[in-house]
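The values are calculated or read from the model by the stated rules, or taken from the named source; none is laboratory data. None of these values were measured; they are calculated from a predicted model. Here the Cβ positions follow ideal geometry from the backbone for every residue, glycine too, while neighbour counts run over all protein chains shown. Protein only, heavy atoms only, side chains kept; ligands, DNA and RNA dropped before computing areas. Shrake-Rupley method; radii C 1.70, N 1.55, O 1.52, S 1.80 Å.
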Amino acid sequence: MRTATVVLVAYVACVVVAAVWRLLPLSMVRDAVPDLGALTAAYLGLTARGNVAPAVGGSVVLGYLIDLISGTPPGLAALVLGLTCLITRAAQQRILVRGTAMTMGFSAFVALLVGVISLLVRALYGVPRPGAVVELQHIALVTVATAIAGGLVWKSFRRIDAAFARTHRERDAALEGLAP
Amino acid sequence: MTLRRRIVDWSLTGLLLLIPALVLRASLSRGEPSAVDETVLRITAPLQTAVSWIAEGIGGVWGSYVALIDVESENRELREDNEKLRKELASMTRRAYDVQALEELALVKKRIAADMIGARVIGAPLTPFRVVRLRIDRGANEIQPNMAVIAGTGPVGVIDKVFGDYADVVLVSDTRSKIDVVVKRTGRRGFLLGLGRDDSYACTITSLELASQTDQRAQVGDEIVTSGVGSIFPPGLVIGKITKLDGDDGMFQKVEVEPSVDVSRVRAVMVLLAPPPPADPDAKTRKRSEAAFGARAL
């Protein structure tokens with residue numbers, strides 16, 4: 001239920017971002033869309049409780065919905081976010097994402113990771129790609145935007161986690177970013 | 001977590017990753033959305049539409065607000081430009097008027113074969129409604145009293161006082177002014193006298209003979225020109241037009257004349273240093289020289 005809620009909130013946020021970002025004034029700002037899918041997948045991976053399958057499943061579903069919104073080939077973002085979730089799940093025991101700097105840094109890392117995985121997957125599947133310079137510029141802009149938006153997104157997800165907490169201790173831990 | 005549960009978990013994870021991989025391959029080979037994609041799109045479309053509608057609405061308001069800020073700054077710039085251009089226009093208009101006045105004076109100089117000097121109007125004392133006299137920038141070493149002063153459109157007045165580098169001009173409309181004039185249409189003479197009114201430059205003509213024939217009498221609109229007789233003004237200068245007929249006393253007509261020169265706008269004038277020489281009575285008769293030593297002309 002928690003994972004479904006996070007995915008639903010993330011999907012609505014993606015829809016809002018997709019609708020709002022194209023109205024922004026500067027083309028560079030328009031290109032710098034925060035990768036909410038990457039943040040969600042990373043959050044789900046980092047906060048996976050025991051089983052990894054629900055987190056990966058949530059990421060895949062979210063990725064599929066993002067594919068449908070963004071017009072990318074269905075399955076591309078789903079696969080990329082699933083893999084991202086899996087990688088961040090592996091980092092779960094080693095990273096504690098707390099504080100503004102750490103959150104921004106980790107968000108940037110996640111965006112970069114998603115960019116690289118996306119590149120690899122597209123190369124593997126032979127999906128048409130823009131030029132290398134454009135690709136790198138896009139990844140850089142998205143990384144910066146994701147780093148900036150990361151704090152807010154993670155805070156929202158932690159509030160959702162706190163809402164699903166069974167005890168006060170779990171709630172406080174969720175709000176502090178100590179979950180699971 | 002037991003090993004079995006762990007295996008199930010990882011198997012499920014693998015399966016979950018396999019599905020998008022297969023979906024991606026299928027979608028790339030198919031090249032168009034599947035039935036599942038279309039169904040999901042149909043379900044999620046209302047949300048997207050609603051969010052887009054709200055975002056565009058807010059974006060529209062924001063855009064209008066930003067546009068208004070731009071309009072305000074643009075308006076400020078345009079106001080500044082407008083003010084600057086107005087000043088330039090005023091300056092150009094003044095220059096144009098000066099040039100026009102100078103051109104008219106140049107024409108006067110060309111038309112009148114008399115020795116004259118240009119002068120700039122430096123002052124024009126006013127009553128509440130009209131200019132009383134003009135002050136020009138020519139002094140005692142150049143001009144002297146009773147010299148005629150002419151603008152491009154006609155006589156202005158006569159030099160009154162000369163002091164230092166300046167001189168005052170008595171206007172045609174002043175009561176002290178008296179100029180021998182002719183009604184151009186009828187050729188009848190009279191004396192133009194200023195009425196000295198506070199609210200106009202009106203003049204009157206005295207000694208204007210009342211003709212027995214009606215069409216030989218002065219009428220409203222008749223042009224009045226200088227006669228050149230017994231006056232410091234050369235003949236033929238348009239001095240004004242008859243604006244009003246005040247009847248007659250059985251011998252002379254009484255008329256009111258509006259001078260042609262707008263004294264309030266005069267910036268430069270010509271001062272006649274000496275009256276023009278009298279016209280040559282033999283100017284239009286051809287004379288041939290006698291042949292020298294009786295030789296016949298070829």
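Note on the range A:2-176: with neighbouring protein chains present and a 1.4 Å probe, carbon and sulfur make up 68 percent of its accessible heavy-atom surface. Pairs of Lys residues in chain B that lie 8 or more places apart, or on two chains, and have C-alpha atoms under 30 angstrom apart add up to 23. Scalar couplings 3J(HN,Hα) for the range A:19-36, obtained by applying the Karplus form with A = 6.51, B = -1.76, C = 1.60 to θ = phi - 60°, are 6, 7, 4, 6, 8, 5, x, 8, 5, 5, 5, 4, 6, 8, 8, x, 7, 5 Hz; x denotes Gly and Pro. Extents of the range B:112-272, largest first, come to 52, 38, 21 Å (Cα atoms, principal axes, whole angstrom).
Residue by residue along B:45-52, Cβ atoms of other protein chains within 10 Å of the local Cβ number 4 on average. Backbone geometry of the range B:9-20 corresponds, through the Karplus equation with coefficients 6.51, -1.76 and 1.60 at θ = phi - 60°, to 3J(HN,Hα) couplings of 4, 5, 5, 4, 4, x, 5, 5, 7, 6, 4, x Hz, x marking Gly and Pro.
Taking every Cα-Cα distance in chain B and sorting them into 10 Å bins starting at zero, the pair-distance distribution P(r) comes out as 5, 17, 17, 11, 7, 6, 5, 4, 4, 6, 6, 5, 3, 1, 0, 0 percent. With the highest mean first, a sort of the peptides B:71-82, B:22-33, A:39-50, B:222-233 on other beta-carbon atoms found within 10 angstrom per residue produces A:39-50, B:222-233, B:22-33, B:71-82.
Positive-end ranking of B:47, B:151, B:259 along the dipole of chain B, with charges on Cβ about the Cα centre, is headed by B:151. Its Kirkwood hydrodynamic radius, worked out from the mean inverse distance over all distinct Cα pairs, puts the protein assembly as shown at 31.8 Å. Computed with a 1.4 Å probe over protein heavy atoms only, the accessible area of residue B:89 comes to about 110 Å². Using a 1.4 Å probe over the heavy atoms of the protein chains, calculate the carbon and sulfur portion of the accessible area of the range B:96-204 as a whole percent. Solvent-exposed carbon and sulfur of the range B:96-204 make up 51 percent of the total. Extending 7 Å from Cα along the Cβ direction at residue B:198 and again at residue B:251 yields two label points whose distance is 3.4 nm. Close amide H partners of residue B:121, meaning residues 5 or more places away or on another chain with modelled amide H under 5 Å apart, are B:268, B:269. Buried surface for the A/B pair, taken as the accessible area of each chain alone minus that of the pair with a 1.4 Å probe, is close to 2400 Å² in total.
Simple point charges give the picture: +1 on the Cβ of Lys and Arg, -1 on the Cβ of Asp and Glu, and for chain A a dipole about the Cα centre of about 360 debye. For the protein assembly as shown, the solvent-accessible area of protein heavy atoms averages 58 Å² per residue (probe radius 1.4 Å; ligands and nucleic acids excluded). Note on residue B:47 and residue B:26: with the Förster distance fixed at 25 Å, the Cβ-Cβ geometry gives a FRET efficiency of about 0.45.
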